[in-house]
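Here the structure comes first, spelled out in C-alpha cells, and everything after it is commentary.
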Amino acid sequence: KFTPKAFVSHAASVKEAELSKIDLLPKLENKVLVTKELAPILRGREEELKENFSTLISVLDGKGFTSDTGMRGQRGYDRPLLFNWVGATTPLPASTHRLMAQLGTRLLFFEVPAVEPTEDELVAYAQSDTAGEAEIECQKAVNRFLGDFFKQHPIGSMEPKELPIPQDRLRTLVRWAKFVTRGRAEVKFEKDGNWDSAKPVAVAKPEGPWKVITYFQDLARGHALIHGRTEVSDADIEFIAEVALSSLPGHLRPIVRELHHSGTANSTTCAKLCEVSQPTARKYFQEIAILGIAELSKGSPESNEPDQLRLATEYSWLLKP
C-alpha cells in the first residue's frame, strides 16, 4: 500500500536513526516508480486528497522534499531528486479533476480506450484458457524491451541537443502545453448545496505552461528515441497531442475530442458520447465555453434544439486535418 507520506517518513514507531532507511524518496533517484493502482491517492475524501496533492506537488517538482511534524521536527531531502512515475487507475471522477485544477499540472495522463470484444471473441478467449501464459509473455516482452533500451541508452546519457525538436514542431508542442493548462484551469461553480445543480460561472487564471512544456519535450524526445529516431518527428508530436487530450478532465474529454475531429459539437450527440442526460451535456458545454476552448450557441431545451459548440479562433489549430 502506497501513500504520499511514504516519501519522507515521520513514523513514531521507528527509531529516529532508522527513519532514513525507510524513506521512499531517496530510493527513487534516477529510477521509475511503478504504481499499479493509483486509486488510494486519487480518490477519497476531499481533505485527504488535498493532503495527498500538497505533498505530491513538492515531490514531483524534483527539488527534494522536507516536512515538519511535532514528533520528529523537520525531516527530508533538500537537494534535487529526480525520478519518473508511471501508474494506472480507472477513470477519475470530476471531483478529483476539480481539486487537481487548484493544485497544478504535475500529473499527465494517457487514456487507454476500452475496446469491447465480441461474444465470439470472448468465447474463444474462454476456450483457450491461457490468460496466465499470455500475461507472463507480456511481462517478458516488456522487460526485454526495457533491458535492451536502457543498455543502449543508459540514464543520463542523452543531451537534449542530441534529439532536436524542429521549430515548427516545437511551436505545436507549445500550443498543446498551453491547451492543457487552459483545459485544466479551475472552473468556478455557483451551487445550491450539491454539484448536480451547480452552474459554471467563471474560470480561474490557468497555470503557466512552463512545466508542461518541459514535460512534453521530455516525452517527445523519449518517444522518438524508443522508435530509433534522432530528431522529434510528427509522429512524436501526435503522441504529445494524445497525452494532452487525455489529460483533460474526463467528463469534458469526449466533447473536446469531438471538437478536435470536426471543429463543432452539439449537445445531443455529446450527451450520447458522455453517456449523460441532455441537461448535463449542456452544463458541460458551458464549462468548455467558459474555459475559452469553444464558442457556445444555446438552443432551446423546450423544443429539444441542442446547444452548439464551435472551436474558438484561438484554438482553430486544434482541428484535425
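Using a 1.4 angstrom probe with every protein chain in place, what is the largest-first accessible-area order of 238, 48, 302? Display every interim value, and only then the final one.
On the way: 238 125, 48 80, 302 160 Å².
Correct descending sequence by accessible area is 302, 238, 48.
I'd like the carbon and sulfur percentage of the solvent accessible area for segment 58-159, probe radius 1.4 Å, heavy atoms only, ligands and nucleic acids excluded. Each step should come with its number before you reach the end.
Numbers: 4090 of 7380 Å².
Carbon and sulfur atoms account for 55 percent of the accessible area of segment 58-159.
Do me a favour and compute the ellipsoid semi-axes for segment 3-138 from its Cα gyration tensor, root of five times each eigenvalue, largest one first, whole Å.
Details: eigenvalues 264, 76, 40 Å².
Square roots of five times the eigenvalues give 36, 20, 14 Å.
I want to verify a result. In a Gaussian network model of the chain, Cα cutoff 10 Å, which of these has the top mean-square fluctuation: 241, 141, 294?
Among 241, 141, 294, the largest mean-square fluctuation in the Gaussian network model of the chain belongs to 141.
In segment 1-90, with Lys and Arg counted as +1 and Asp and Glu as -1 at Cβ, which of these residues, 85, 49, 59, has the Cα nearest the positive end of the dipole, that is, farthest along it?
85
Can you pull the accessible area of residue 218 for me, 1.4 Å probe, Å² to the nearest 10?
90 Å²
Probe of 1.4 angstrom, ligands and nucleic acids ignored: what's the accessible area per residue over the chain, in square angstrom? All intermediate terms of the calculation are to be shown ahead of the outcome.
Details: 19300 Å² over 321 residues.
Ligands and nucleic acids excluded, the result is 60 Å² per residue.
Ignoring any ligand, DNA or RNA, what whole percent of the accessible area of segment 188-260 comes from carbon and sulfur when the probe is 1.4 angstrom?
Values: 1890 of 3580 Å².
Carbon and sulfur together cover 53 percent of it.
For the full complex of protein chains and a 1.4 angstrom probe, list 145, 53, 109 by accessible area with the highest value first.
Working: 145 95, 53 10, 109 45 Å².
Descending accessible area places them as 145, 109, 53.
What are the equivalent ellipsoid semi-axes of segment 192-321, built from the alpha-carbon gyration tensor (square roots of five times its eigenvalues), in whole angstrom, biggest first? It would help to have the intermediate numbers written out before the result.
Values: eigenvalues 210, 53, 33 Å².
Equivalent-ellipsoid dimensions as semi-axes: 32, 16, 13 Å.
Quick check: with the 1.4 Å probe, what order do 57, 136, 237 take by accessible area, largest first? Could you put the intermediate results ahead of the total?
Working: 57 35, 136 90, 237 15 Å².
Most to least solvent-accessible, the answer reads 136, 57, 237.
Using a Gaussian network model on the chain with a 10 Å cutoff between Cα atoms, which of 229, 175, 221 fluctuates the most?
The residue that fluctuates most here is 229.
Which ³J(HN,Hα) values in Hz, rounded to whole numbers, follow from the phi angles of segment 237-254 under the Karplus curve 6.51 cos²θ - 1.76 cosθ + 1.60, where θ = phi - 60° and Gly and Pro get x?
Result, ordered by residue: 6, 5, 5, 4, 4, 5, 4, 4, 5, 5, 8, 6, x, x, 6, 9, 4, x Hz.
Can you tell me the convex hull volume per residue for the chain, based on C-alpha atoms, in Å³ to the nearest whole number? Intermediate values should be presented prior to the final figure.
Values: hull volume 63.2 nm³, N = 321.
Convex hull volume per residue, Cα atoms: 197 Å³.
Tell me, what is the 1.4 Å probe accessible area of residue 317, in Å² to the nearest 10?
That residue has around 60 Å² of solvent-accessible surface.
Trypsin sites (Lys or Arg not before Pro), restricted to segment 246-303: which are DSSP loop and have at most 15 other Cβ atoms within 10 Å? Working shown, then result.
Numbers: sites: 257, 272, 282, 283, 298; in loops: 298.
Those satisfying the criteria are 298.
Hey, what angle do you get for helix 167-183 against the long axis of the chain, alpha-carbon based, 0 to 90 degrees rounded to 10?
It is inclined by approximately 80 degrees.
List nothing, just return the count: lysine pairs in segment 91-224, 8 or more apart or interchain, with Cα separation under 28 Å.
Taking the Cα cut-off of 28 Å, the pair count is 13.
Name the residue, out of 19, 259, 170, whose mean-square fluctuation peaks in a Gaussian network model built on the chain with Cα pairs under 10 Å.
19
Which far-off residues, 5 or more places away or on another chain, put their amide H under 5 Å from the one on residue 35, with H placed in the peptide plane?
Distant-sequence amide H within range of residue 35: 86, 87, 88.
Which of 127, 150, 8 sits closest to the plus end of the dipole of the chain, meaning its Cα is farthest towards the positive end, when Lys and Arg get +1 and Asp and Glu get -1 on the C-beta?
Towards the positive end, the residue furthest out is 8.
Before anything else, pin down the relative contact order of the chain: Cα pairs under 8 Å, at least 6 apart, normalised by residue count, whole percent.
14 percent
If contacts are Cα pairs under 8 angstrom and at least 6 residues apart, what is the relative contact order of segment 36-96 in percent?
Values: 51 pairs, mean separation 24.3, N = 61.
So the answer I get is 40 percent.
Please determine, in degrees from 0 to 90 and to the nearest 10, the orientation of helix 46-60 with respect to the longest principal axis defined by the Cα atoms of the chain, where the helix direction is its Cα long axis.
Helix 46-60 sits roughly 60 degrees off the main axis of the chain.
About the Cα centre of the chain, how large is the charge dipole given +1 on each Lys and Arg Cβ and -1 on each Asp and Glu Cβ? Please answer in debye to the nearest 20. Numbers along the way, then the final one.
Values: 41 positive and 44 negative charges, 245 e Å.
In debye, rounded to 20, the chain gives about 1180.
Angle, helix 210-226 long axis vs. longest principal axis of the chain, Cα atoms, 0 to 90°, nearest 10?
Here the helix axis deviates by roughly 80 degrees.
In segment 7-40, which trypsin sites (Lys or Arg not before Pro) are in a loop and have at most 14 other Cβ atoms within 10 Å, using DSSP for the loop call?
Those satisfying the criteria are 15, 31, 36.
The values are calculated or read from the model by the stated rules, or taken from the named source; none is laboratory data. Because the structure is predicted, anything quoted here is derived from the model rather than measured. Note that each Cβ is placed from the backbone with ideal geometry, even for glycine, and that neighbours are counted across all protein chains shown. With ligands, DNA and RNA removed, areas are computed over all heavy atoms of the protein, side chains included. Shrake-Rupley method; radii C 1.70, N 1.55, O 1.52, S 1.80 Å.
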